[in-house]
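Single-structure report; data block below.
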Ligand code: XMP
């Protein structure tokens, strides 16, 4: 594999994905993984990610010094370059001019890393520190106006001040390919298309003739995990779909339709009453999340006991694995809903066939498994469902108002060809009433907020610039068709500082 050492860059997963897109398996490890441990994985090369720290600070994260002498190529990106320069005897300082955004890179010296790429092209910079003197033996391969040491090299150690992994850098993929195939001499070993057979036989040999249970949510991950497992073990798989009464209009039927088309052995458990009765009167968002979380586990556990399974199947993805390994001191912003803790309680093992995959890789597998295209393209939907989109106290009546408004918004997005252009979109019902006038009569009714965001991974997001005419049309339909609503607003907050969901 290619080992990516994580120094806390927001782009670390993007680096790992680019490497895989280029056909080489990649793994993200903590920055302080020992050289010995890295070597034991037989890496083709090591990439040091960027990160928010400064190398001259007392507790700056530094990798094991021995990684430079393993005989394995190392590529340092941004902070990764600074770390390399610092540890090998160069000097790094806070730059007088910080450099963010586009810069023109000029190649000074012929090098395999720039094979087949023009001598001048645009790259993306994002740094406050810079290398001001190079360690012995390093030479400059390329520079930009603000960064004379934009690309440096000694033997098979490379340092980039710019970010080849972001889309704004032209020829980024070519640079990764050059690093992988011309510097590391890697052999292509990763192709998502081949994975279905491999996964199916892996599941077969793990599970043998045991039984597996799975909580289906209607999302891509759990559906792909279940479909692979079904291919492997047939009806020894039992899927449970919990209807918690917090789903969108028509969603139960829609999702059941998908499961049927994939022949998944599933059972829908109607637990609407239980969830709603427990949520009654509760206002606090975290409390609502907790209630939905443990009630879900309770309902699922009861069903699981009936099956008497040996494994719990989960659609855990690589980003979840990396994140839960987590950087120390990370703060809980929202308690995300998942079934953590269940395997211990049931005394069964966890089966996670997707745990080294990224979302786009799972979508590709889904496509080759024949999942319907509409399902693969569905926006993410939170586990606690509409409970966190009816702000404050949740009741059946408000859920219905929200369902109608949300349905109109989504239906129109699809009609206008905008649904696939935004990352996620939904309506929120606010717990306030405002004054309006309809047909000369005063009204005093509720407010619906519309939220649509562009994002790559949900970690950061910006509000989607939907056309005014579109918003106008949706506003008109919601106010005319949804009883109890007389005002529609559009959320123009980015994340951060806001979050995508309102609770
Ligand atoms: P926030 O609101 O934290 O949301 O910016 C980021 C993304 O995560 C989704 N989300 C959840 N997904 N369980 C989930 O599976 C949850 O409890 C949950 N809360 C938020 C949210 O819809 C967005 O896509």
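Based on DSSP, what percent of beta bridges with both residues in the chain are antiparallel, to the nearest 5?
The antiparallel fraction comes to roughly 50 percent.
Enter the mean projected area of the convex hull around the alpha-carbon atoms of the chain, in nm², rounded to one decimal.
26.3 nm²
Rounded, prolate or oblate: which fits segment 391-490 when a ≥ b ≥ c are the square roots of the eigenvalues of the alpha-carbon gyration tensor, with rounded for a/c under 1.5 and prolate only if a/b beats b/c?
Taking the square roots of the gyration eigenvalues as a ≥ b ≥ c, segment 391-490 is prolate.
If you count, for each residue, the other Cβ atoms within 10 Å and average over each peptide, how do 259-270, 91-102 line up from highest to lowest?
Result, highest mean first: 259-270, 91-102.
Between the alpha-carbon centers of segment 234-301 and segment 109-177, tell me the distance in whole angstrom.
50 Å
Given segment 1-107 reduced to its alpha-carbon atoms as identical point scatterers, what log10 I(q)/I(0) does the Debye formula return at q = 0.16, 0.19, 0.21 Å⁻¹?
-0.73, -1.00, -1.18
Report the extension gain between residue 444 and residue 465 in nm, rounded to one decimal, defined as 0.36 nm multiplied by the number of residues separating them, less their alpha carbon distance.
4.6 nm
Under 19 Å from a point 7 Å along the Cα-to-Cβ line of residue 146: which residues of segment 65-90 have their amide N that close?
In segment 65-90, the label zone of residue 146 (backbone N under 19 Å from the point 7 Å along Cα→Cβ) covers 77-83.
For a Förster distance of 41 Å, can you work out the FRET efficiency between the beta-carbons of residue 253 and residue 182, rounded to the nearest 0.05?
Between residue 253 and residue 182 the formula returns 0.15.
In whole angstrom, how far apart do the alpha carbon centroids of segment 365-429 and segment 487-502 sit?
16 Å
Compute the angle between helix 220-233 and the longest alpha-carbon principal axis of the chain, please, reported from 0 to 90 degrees and rounded to the nearest 10.
Approximately 90 degrees, to the nearest 10.
Calculated from DSSP H runs of 4 or more alone, at -39500 (n - 2.57) each and per residue, what is the 222 nm mean residue ellipticity of the chain, nearest 500?
-9500 deg cm²/dmol
Report, to two decimal places, the Cα Rg of segment 432-484 normalised by 2.2 N^0.38 Å (N = number of residues).
1.48
With a/c under 1.5 counting as rounded, go ahead and sort segment 107-150 into rounded, prolate or oblate using the C-alpha gyration tensor (a ≥ b ≥ c being the square roots of the eigenvalues; past the cut-off, prolate if a/b is larger than b/c, else oblate).
Cα axes put segment 107-150 in the oblate bin.
How far, in degrees from 0 to 90, does helix 12-21 lean away from the longest principal axis of the Cα atoms of the chain, to the nearest 10?
Between helix and principal axis, roughly 80 degrees.
Find how much the distance from residue 477 to residue 189 grows on full extension, using 0.36 nm per residue of separation minus their present alpha carbon separation; answer in nm with one decimal.
Using 0.36 nm per residue and subtracting the Cα-Cα distance, I get 98.5 nm.
Please find the FRET efficiency linking residue 97 to residue 489, where r is the Cβ-Cβ separation and R0 is fixed at 35 Å, and quote it to the nearest 0.05.
With R0 = 35 Å, the Cβ-Cβ based efficiency is 0.30.
Using Cα-only point scatterers and the Debye equation, what is log10 of I(q)/I(0) for segment 186-306 at each q in 0.15 Å⁻¹, rounded to two decimals?
Ignoring solvent entirely, the Cα scatterers give -0.77.
Given the Cα atoms of segment 2-183, and with Rh set as the inverse mean 1/r over their pairs in the Kirkwood sense, what is Rg to Rh to two decimals?
That ratio equals 0.92.
If I model a spin label as a point 7 Å beyond the Cα along the Cα-Cβ vector, how far apart are those points for residue 10 and residue 37 in nm?
Using points 7 Å along Cα→Cβ, the separation is 2.7 nm.
Taking 30 Å as R0, compute the FRET efficiency from the Cβ-Cβ separation of residue 139 and residue 499 and round it to 0.05.
0.05
I'd like the orientation of helix 468-481 relative to the chain: the angle between its Cα long axis and the longest Cα principal axis, in ° from 0 to 90, rounded to 10.
It is inclined by approximately 20 degrees.
Each value in this text was obtained by applying a stated rule to the coordinates, not by laboratory testing. The shown structure was predicted, so the numbers you read here are calculated from the model rather than taken from an experiment. Please note: Cβ atoms are built from the backbone with ideal geometry, for glycine as well, and neighbour counts cover all protein chains shown.
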